[in-house]
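Asker: Let me begin by handing over the structure; questions about it come next.
No lab work stands behind these numbers, since they all come straight from the coordinates. Everything numeric here is computed off the predicted structure, so don't read it as measured data. Cβ coordinates were reconstructed from backbone atoms using ideal geometry, including for glycine residues, and neighbour counts include every protein chain displayed.
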Number of protein chains: 2
Amino acid sequence: MAAAEEASKFSEEANAYPMTGGDGPNSYAKNSTLQRGAGDAAKELLNEAIAEKLDIDILSSSNTFHIADLGCSVGPNTFFAVENIIEAVKFKFQNQGLNSQIPEFQVFFNDHTQNDFNMLFRSLSQNRQYYAAGVPGSFYGRLFPDASIHFFHSSYALQWLSRVPKEVVDKNSPAWNKGRIHYSNSTDEVVRAYEAQHAEDMECFLNARAQETADGGVTVLLIPGRPNGTPHSHPVGNVSFQLIGSCLMDMARKGVVSEEKVDAFNIPVYAMSPQELEAAVEGNGRFSLEKMETLPHVSTHGTVSVTQLVVSHLRAALEGRITQQFGEEIVDELFELYLKKLDEQPSILASGTAIIFLVVLKRKAN
Amino acid sequence: MAAAEEASKFSEEANAYPMTGGDGPNSYAKNSTLQRGAGDAAKELLNEAIAEKLDIDILSSSNTFHIADLGCSVGPNTFFAVENIIEAVKFKFQNQGLNSQIPEFQVFFNDHTQNDFNMLFRSLSQNRQYYAAGVPGSFYGRLFPDASIHFFHSSYALQWLSRVPKEVVDKNSPAWNKGRIHYSNSTDEVVRAYEAQHAEDMECFLNARAQETADGGVTVLLIPGRPNGTPHSHPVGNVSFQLIGSCLMDMARKGVVSEEKVDAFNIPVYAMSPQELEAAVEGNGRFSLEKMETLPHVSTHGTVSVTQLVVSHLRAALEGRITQQFGEEIVDELFELYLKKLDEQPSILASGTAIIFLVVLKRKAN
């Protein structure tokens with residue numbers, strides 16, 4: 001099948017380090033408060049999108065509404081999002097006096113093959129109102145049959161590129177990213193390599209989704225990125241990566257890690273702007289851009305310091321990759337050093353610009 | 001949703017010890033040769049079933065053919081079975097000159113929530129010709145939306161009951177199974193308790209599948225059982241369980257395990273006869289029984305002794321349960337003792353009767 005062959009092109013090699021699994025203190029499951037905060041803020045926009053943009057006659061004969069969450073990790077945020085979508089769809093049917101036609105729901109939870117699906121499955125609620133399935137694989141390739149999904153959702157996932165751009169780890173390339181681990185504080189060549197990878201990835205993502213989405217199907221994306229026209233060096237997430245990079249270089253100078261390994265290590269995360277997303281959707285041509293909104297600033301209320309929270313999140317997101325490259329034994333030291341640097345200059349994160357934007361796409365009829 | 005609530009009735013608690021995961025020497029993945037042997041023998045019958053019994057116009061508008069394998073474990077047998085089914089369906093289309101109408105395939109791999117889905121997903125072929133999804137949960141409850149599956153397959157799974165019958169672990173019941181771990185060498189009361197559980201389970205299984213199968217959809221079941229009219233004490237598998245039970249009682253007498261724990265331990269495996277299956281299908285009323293054949297005797301060619309092979313299989317199937325009940329530390333000793341007993345009376349297994357039968361069901365139109 002051409003589609004499956006196409007999908008297999010997207011080697012997961014480069015992006016196969018999932019969020020830290022299990023439910024230990026450094027796990028993603030215990031460290032996704034920031035993501036959930038944005039999810040809560042997005043809830044109303046999501047409800048609006050379903051109320052206003054979803055055609056109730058989207059279901060053909062089957063009477064099952066298919067939802068896919070892309071980059072689901074191990075929960076619990078994916079469960080909140082999915083339940084929210086289902087409630088909104090049901091409400092829409094009820095609101096139109098179509099109680100008897102409320103469909104069944106089947107939810108596909110997607111993430112990389114290396115994701116901890118065992119934990120995801122064990123965390124599913126016994127009383128859930130949907131049939132659940134896990135789908136392993138990169139969302140930059142095909143995951144589902146033609147026109148089979150009515151609602152795609154993806155939250156905090158599209159900032160991950162499909163891989164580290166090849167040039168930035170090639171010593172003979174002008175885009176070699178020596179002494180850094182991210183593009184955001186690097187040379188123009190490195191920035192261009194990341195930009196090109198991002199453009200290619202978005203093309204693949206939208207092509208695959210265009211094939212998989214039923215006519216009239218809706219896609220809601222929640223993306224951490226940067227405001228239009230702001231430099232890549234500003235977003236808080238990028239500043240964090242720069243800081244982690246400088247910690248690694250400190251450790252290289254002390255001989256704790258090899259400098260060569262730092263040179264070869266890059267974080268494939270890209271801060272998209274709303275304009276870039278818009279251009280990608282236009283280039284693809286098969287979706288209408290129904291809505292694009294920047295979420296209000298997320299407050300991180302609670303007892304934990306924001307710094308500690310940022311570190312926990314960063315660690316949950318990066319630990320797998322760092323362990324793979326430098327070995328488990330350096331991880332604690334690295335994040336202690338990082339925390340120390342943050343404490344010394346607490347304003348470094350506050351000064352960064354960052355946005356989370358929500359996008360609603362609708363599949364044009366074929 | 002009523003269906004999901006219904007499904008949640010089937011607590012997985014009692015049957016939540018999957019085949020040994022991973023790919024170590026005692027894992028199911030390395031110890032499923034016997035099952036594959038039967039699978040090979042079944043291949044021709046499966047092809048026949050698809051050629052003769054599957055209506056090519058079963059697909060409605062969607063043009064995706066949905067296959068589910070129930071009790072898939074971690075592979076590789078499930079992959080062989082699924083690829084075989086897909087080849088046969090494609091061949092049927094080609095054979096009728098409908099090359100251009102060959103559908104896409106989506107395969108749902110189902111097993112208990114405690115199954116090692118991570119390993120299953122990592123074992124999926126990169127070049128597979130289908131979209132893959134994992135579905136956790138007991139197949140004695142609902143797993144899929146109404147009328148959504150075109151082909152169900154289940155091999156070596158339906159001998160597992162949904163749970164140990166309550167009475168057999170109840171000291172105050174006449175069906176208390178003291179000093180044994182299986183019904184097959186026990187009292188009439190215990191046999192009746194297992195029979196009743198099996199009848200109830202088959203009713204649930206067929207009810208769920210009747211709802212989930214598209215009109216005209218085909219179900220192929222491969223079931224290890226016993227010939228009609230033969231006693232439960234005879235099948236090779238049952239003899240193995242009796243022997244394991246006697247080993248445990250030996251160890252209880254030596255004080256290695258507690259006798260109370262042996263009394264409370266029962267293996268929820270039942271050797272169905274073709275007649276029992278037939279009665280269940282008739283009772284359900286929504287499937288026609290298209291074919292029922294006993295597979296030819298499976299030869300276990302190769303370098304390993306049959307005894308060793310049987311032990312390995314038994315261990316892969318039971319290790320999780322035994323560890324849960326008696327602790328990891330007794331497992332090696334138990335299987336050494338078992339092997340010793342087998343060596344002392346090698347004819348004990350050869351004298352048993354056992355069959356594997358293949359059943360083809362077709363969903364009647366609503």
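Asker: Rg and Dmax of region B:308-350 over Cα atoms: what are they, in angstrom?
Answerer: Taking only Cα atoms of region B:308-350, I get Rg and Dmax of 11.0, 31 Å.
Asker: Sort shortest first the distances from A:Asn207 to its counterpart in every other copy, using label points 7 Å along the Cα-to-beta-carbon line, and give them in nm.
Answerer: The answer, with the shortest distance listed first, is 4.9 nm.
Asker: I've got another one for you. How far apart, in nanometres, would the label points at A:Asp215 and A:Asp250 be if each is projected 7 angstrom from Cα along the Cα-to-Cβ direction?
Answerer: Result for the modelled spin labels: 6.0 nm.
Asker: Which links in A:Lys178/A:Lys341; A:Lys43/A:Lys340; A:Lys166/A:Lys362; B:Lys90/B:Lys364; A:Lys261/A:Lys340 stretch past 28 Å when you go from one Cα to the other?
Answerer: Among A:Lys178/A:Lys341; A:Lys43/A:Lys340; A:Lys166/A:Lys362; B:Lys90/B:Lys364; A:Lys261/A:Lys340, the Cα-Cα distance tops 28 Å for A:Lys43/A:Lys340; A:Lys166/A:Lys362.
Asker: Need one value for A:122-128: mean number of C-beta atoms belonging to other chains within 10 Å of its residues' C-beta atoms.
Answerer: Taking the mean over all residues of the peptide, I get 4.
Asker: Now for a different question. Report, in cubic angstrom per residue, the convex hull volume of the C-alpha atoms of region A:50-101.
Answerer: 93
Asker: Taking a point 7 Å out from Cα toward Cβ as the label site, list the nm distances between A:Gln324 and the same residue in every other copy, smallest first.
Answerer: Computed spacing set for this position: 3.3 nm.
Asker: A further question on this structure: Name the aspartates and glutamates eligible as straight-distance cross-link partners of A:Lys53: C-alpha to C-alpha under 19 Å, and not fewer than 8 places from it in the same chain.
Answerer: Output for A:Lys53: A:Glu44, A:Asp69, A:Glu83, A:Glu87, A:Glu212, A:Asp215, A:Glu278, A:Glu282, A:Glu290, A:Glu293.
Asker: Cα centroids of region B:176-196 and region A:193-238: how far apart, whole angstrom?
Answerer: Centre-to-centre distance over Cα atoms comes out at 61 Å.
Asker: Treating the point 7 Å from Cα along Cα-beta-carbon as the label, what are the nm separations from A:Leu289 to the other copies, to one decimal?
Answerer: Those separations, rounded to one decimal, come out as 6.3 nm.
Asker: Rounded to two decimals, what ratio of Rg to Rh does region A:116-157 give with C-alpha atoms and a Kirkwood Rh?
Answerer: 0.97
Asker: Also, I was wondering about something else. Restricting to Cα pairs below 8 Å that are 6+ residues apart, what does the relative contact order work out to for region A:157-254? Please round to a whole percent.
Answerer: That works out to 33 percent.
Asker: Right, something else. Tell me, what is the percent relative contact order of region A:209-277, built from C-alpha pairs under 8 Å that lie six or more residues apart?
Answerer: Taking the mean separation of contacting Cα pairs over the length of region A:209-277, I get 43 percent.
Asker: What average number of partner chain Cβ atoms lie no more than 10 Å from the Cβ of the residues making up A:64-70?
Answerer: Mean shielding by partner chains, rounded to a whole number: 1.
Asker: Partner chain Cβ atoms within 10 Å, averaged over the residues of B:132-141 - can you pull that number for me?
Answerer: Mean partner-chain Cβ count within 10 Å for B:132-141: 5.
Asker: Still on this model: For labels at B:Leu289 and A:Glu344 in the simple 7 Å Cα→Cβ model, what's the distance in nm?
Answerer: Modelled inter-label distance: 7.9 nm.
Asker: For region B:166-262, what does the convex hull of the Cα positions come to per residue, in cubic angstrom?
Answerer: In region B:166-262, the Cα hull volume divided by residue count equals 128 Å³.
Asker: Which value, to two decimals, describes the C-alpha radius of gyration of region B:60-212 once divided by 2.2 N^0.38 Å?
Answerer: That ratio works out to 1.30.
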